[in-house]
Structures are given as structure tokens and as C-alpha cells.
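K.L.:
The structure's right below; bear with me while I get my questions together.
The values are calculated or read from the model by the stated rules, or taken from the named source; none is laboratory data. None of the values given here were measured: they were computed from a predicted structure. Positions of Cβ are backbone-derived with ideal geometry, glycine not excepted, and every protein chain shown enters the neighbour counts.
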Amino acid sequence: MASEKIIAALDIGTSWTRTVIGSINRDDELVIESVAERPSEGVKNGSIVNMEQTVKVISQVMNECEVQAGSEASSVILSIGGDHIQGIESNGVVGINNKDLEIRNEDIRRSIDVAKNRLLPQNKEIIHTLVQDFQVDSRTGIRDPIDMLGHRLDTHVLLAVGSSPVIQNQKKCVQKSGLQVQKLVLSSLADAEVVLSQEEKDQGAILINIGSGSTDWICYQNGAPISVGGIPIGGEAVTSDISYLMQLPKVVAESVKITDGSAFSPNIDKAEMILTPSVGGRPPIRLPRIELSKVIEARMAEIFSMIQQRFEEQGISRGFGAGVFLVGGGSLLSGATELAAEIFHLPARMGFPEAIGGLDRVFIDPRYSTLIGLLKVEARKNSRDNPSFSQKKDKKRFGGKLKGFLGKLF
């Protein structure tokens, strides 16, 4: 792999810490070399609560991944998500100073700088500046203004911002484990990179990642992100509900949830019974499966309803022709897609990361979409930075010049 570019990514979740090492060969193809994972320690709701424990797990999982790949990584692409993530719309207006009034890359750069130069909530920092569209003079809804003529350029962006303390704590853990943070990437953006096609983004799509300690989302309309965010509730809350109401240890409750649970009670036969495991000498409990389903359904409905409420507060209601896509461990829960479809009044399905060279089929799973997406984000940027690749590919797709330019900004 000496002639190839090695890239590594790290996803620190509430339940699992995962890392992946890949390479980009001479043909600009991404190849997965190894994937490793370990149960997380020192993390709660996506935030670090014990730095020493988290550093230990990062070191262990990274070492395992390096041994499998046969190469060392000095830096990683780090995911960031959780309820501290917020999307803020902004716009930057600049005049076109060129004598021929032709819009160029530097004009877009200036307008994006203006859009970023706004007062943020306290202790927040910008993770990404996501371009939505452009306006040239009175012409709106423009995707690629390069080479167009005009007197004024207005760039509409979505600023993806997060909590500075949360971000800095994650970065510090990575650094204490002996690595550098090459890039910080929003976890939901990484999900979208490998789950949603451009056509689905154009049609409008909602992508929801139901993690253990938090649930994140990203929404697209007309090919551009219009909303990002997170709430501090995930699959762990469902397990806690089962544990409390059925008086079971959390480990057992998690097993019951996976084996017999369903998030959509209409799917359950009222006569169907289940038998809970024997715990601490207490005999197994026989109960209707629909009672378990109602416990799960109530919490999962709360998660989806909270997200829907955020959409309503942001004035987002229609325009999602591609429907809802669920990823993360919580998406594997039986009935989750049916419940999502009922609450959002949209078609819903699980989202699977695309197959990539070298990736074992076991990892083509909604639980690994963020991890694989982190590498795909970097591979896409690498391709744009490669002049020979850009010349071959950008001629074949809309907005090639602009995409290459925005790839560098990203």
C-alpha cells in the first residue's frame, strides 16, 4: 500500500467505538482495509464523561484496526453528533467586481465568508458550511453560478454548528491516544454520503440515525441539506423502559428488546406470548408480546414525534418524495420503519451503506453507515483534489466546476 493514500476514521458512540482504515488507489477508488469495534467507555449521550476511559478504548480499537490493515494511522477523520448539533440558516451577499461581471470561484468564496460571519449562540462553533443554493441578482434557486453574469451574488447556506466543549473534549481524547484529528465530520452528513443517492436528495429525504444515547437527523430538499440536529434520546432509553417496567437487568432487557420487541403494535398478534429469561433465581415470566411492544412503541413514538416537532418549528412540512431513511442500531428494531411511516406520513425504510471494495458484507449494515461514510467523504474530496480525476469526471456531471471548488472548502 506504499503507493496508496491511507485514511482512517473514528466514530465514538455511546455504546460502541468504531474505527476503519481504508486506502485510495491510483484509480481513485476507495478500498476498505479493516474495521474494528469495541464497547464504549466513558461516553454518555454521545458526549465524553470520562476522558481516561475513552482514551483507553480509542487506543485499543485503533491498534486492533492497524494490525488488521497492516499499516499505521497518524490521524483520523472524526465523527461528531448528538443533541448539541444545530442547523442555522444564513446567507452572504457580495457584489461582482469583475469587469466582465462574470461570477468566479473567488466570488463564491467571499459570499460564503460573509454567510459564516454571523453571531453564533454561546459556546458554539461551525462544523460545516453547507451550501443550499444561490441567487444572482433577481434569479433564484441557482445551483451553479460559476461563469454566469450578474451584479450581485447571494449564497444561501446551512451552518452546521456544535458545542465547542463537546467537540474539544472529543478532539482531546483522540490526541491523548496519540492521533491527530485530520477532519471533523457531522455524523449525519457521513450517513447521507453512503445511504442517500443524489436522486433521493433531489426528491427530498429525511435520514434519521437512531443511536444508543442520541438520535440525529439530516433533511434534504432539492439536493441540498435544509436541516440537521439531534435529540438526547435513543435506543438505550427503550432498553431502560423495558428494564424498569419488567424489572429486568439492562443486559437482559436489551436481549428481550432485540429478540421479541417490536415498535409497531398493530403488527403483533394479541394472542402471541413470550417468556422472559430467568433472573436471579426468579422463574421466567410469561406475558403477551403486545404488552412489550406497547412499551417500545411509546418510547420510539416519542423519538419520532420530537423530531417531527423540530421540523414544525423550523417550518419544514412537505417536499420529501423519497421518504424517511432509518440508520443506526435502533433502525434494526422490528416495526421501526412502520412506526416512522405512520408518524411522518411518508414511506420509510432502513438505509444501508453502499458496498465499497474490500468491505465485508457483515458491515453493509445500518449500524455502520456513519463509519463508512466518514471514509467516503474524504475519498470524494481526494478525487476532487486530483486534477486528472476531476477532468475526467466533472465533465460528465452537472456543476462540475462548482463541486470541485466546494469540495476544497468542505
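K.L.:
Quick one: in the range 1-15, of everything that is in a loop (DSSP other than H, G, I, E, B) and aliphatic (A, V, I, L, M), which residue is surrounded by the most Cβ atoms within 10 Å (Cβ to Cβ)?
P.N.:
We begin by selecting, within the range 1-15, every residue in a loop (DSSP other than H, G, I, E, B); these are 1-4, 13-15.
Pick out the ones that are also aliphatic (A, V, I, L, M) and you get 1-2.
On the way: 1: 13, 2: 5.
That would be 1.
K.L.:
Could you say whether any residue in the range 252-267 is more than 30 Å from the chain's Cα centre (by Cα), surrounded by fewer than 18 Cβ atoms within 10 Å (Cβ to Cβ) and farther than 25 Å from residue 343 by Cβ?
P.N.:
No: the range 252-267 contains no residue that is more than 30 Å from the chain's Cα centre (by Cα), surrounded by fewer than 18 Cβ atoms within 10 Å (Cβ to Cβ) and farther than 25 Å from residue 343 by Cβ.
K.L.:
Any idea which of (1) in the same structural domain as residue 159 (by TED's automatic domain parsing); (2) under 21 Å from residue 164 (Cβ atoms) is the one residue 51 doesn't satisfy?
P.N.:
(1)
K.L.:
While we're looking at this one, here's another question. In the range 17-35, what residues are free of Cβ contacts under 8 Å to residues at least 60 places away in the same chain and within 19 Å of the chain's Cα centre (by Cα)?
P.N.:
In the first step, residues of the range 17-35 are kept if they are free of Cβ contacts under 8 Å to residues at least 60 places away in the same chain; the result is 17, 21, 23, 25-27, 34.
Of everything in the range 17-35, those that are free of Cβ contacts under 8 Å to residues at least 60 places away in the same chain and within 19 Å of the chain's Cα centre (by Cα) turn out to be 17, 21.
K.L.:
Step by step: first the residues of the range 16-40, then only those that are at pLDDT below 95 and not in a strand (DSSP E or B), then the one that is surrounded by the fewest Cβ atoms within 10 Å (Cβ to Cβ). Which residue is that?
P.N.:
This residue is 27.
K.L.:
Moving on. Can you tell me which residue within the range 67-118, out of those that are assigned to a loop (DSSP other than H, G, I, E, B) and of a type in the set (Ser, Thr, Tyr), is nearest to the chain's Cα centre (by Cα)?
P.N.:
Among those residues, the one meeting the criterion is 74.
K.L.:
Just checking, how many residues over the range 317-342 are under 20 Å from residue 203 (Cα atoms) and crowded, with 17+ Cβ neighbours inside 10 Å?
P.N.:
Residues flagged as under 20 Å from residue 203 (Cα atoms) and crowded, with 17+ Cβ neighbours inside 10 Å within the range 317-342 amount to 10.
K.L.:
What is the number of the single condition among (1) part of a loop (DSSP other than H, G, I, E, B); (2) among the hydrophobic types (A, V, I, L, M, F, W, C); (3) at pLDDT 95 or above; (4) more than 18 Å from residue 201 (Cα to Cα) that residue 346 does not meet?
P.N.:
(4)
K.L.:
Name the pairs whose Cβ atoms lie under 7 Å apart, with the first residue in the range 270-283 and within 15 Å of residue 247 (Cα to Cα), the second of a type in the set (Lys, Arg), and 6 or more positions between them or separate chains?
P.N.:
Note: pairs meeting the criteria are 275/286.
K.L.:
Taking residue 164 as meeting all but one of (1) surrounded by 15 or more Cβ atoms within 10 Å (Cβ to Cβ); (2) within 23 Å of the chain's Cα centre (by Cα); (3) of a type outside the set (Val, Ile, Thr), write down the number of the exception.
P.N.:
So residue 164 meets the others, but not (1).
K.L.:
Checking the structure you have, find out if any residue of the range 302-314 is part of a loop (DSSP other than H, G, I, E, B) and out of contact with any strand residue (DSSP E or B) (no Cβ under 9 Å at 6 or more places or on another chain). It would help to see each step written out before you state the result.
P.N.:
Taking the range 302-314 first, the residues part of a loop (DSSP other than H, G, I, E, B) are 314.
Next cut, out of contact with any strand residue (DSSP E or B) (no Cβ under 9 Å at 6 or more places or on another chain) only: none.
Scanning the range 302-314, I find no residue that is part of a loop (DSSP other than H, G, I, E, B) and out of contact with any strand residue (DSSP E or B) (no Cβ under 9 Å at 6 or more places or on another chain), so the answer is no.
K.L.:
Please state which of the following conditions residue 78 fails to meet, knowing it meets all the rest: (1) in contact (Cβ under 8 Å) with a residue 24 or more places away in the chain; (2) surrounded by fewer than 20 Cβ atoms within 10 Å (Cβ to Cβ); (3) of a type outside the set (Ser, Thr, Tyr).
P.N.:
Just one mismatch for residue 78, condition (2).
K.L.:
Check whether at least one residue in the range 234-247 is aromatic (Phe, Trp, Tyr), surrounded by fewer than 18 Cβ atoms within 10 Å (Cβ to Cβ) and assigned by TED's automatic domain parsing to the domain that holds residue 294, and report yes or no.
P.N.:
We begin by selecting, within the range 234-247, every residue aromatic (Phe, Trp, Tyr); these are 244.
This time we only want the ones that are surrounded by fewer than 18 Cβ atoms within 10 Å (Cβ to Cβ), so: 244.
From what's left, assigned by TED's automatic domain parsing to the domain that holds residue 294: 244.
Within the range 234-247 (the criterion being aromatic (Phe, Trp, Tyr), surrounded by fewer than 18 Cβ atoms within 10 Å (Cβ to Cβ) and assigned by TED's automatic domain parsing to the domain that holds residue 294), the answer is yes, since at least one residue qualifies.
K.L.:
Against the condition in contact (Cβ under 8 Å) with a residue 12 or more places away in the chain and of a type outside the set (Val, Ile, Thr), how does residue 355 come out, does it pass?
P.N.:
Values: in contact (Cβ under 8 Å) with a residue 12 or more places away in the chain: no; of a type outside the set (Val, Ile, Thr): yes.
Taking the combined requirement at face value, the residue does not satisfy it.
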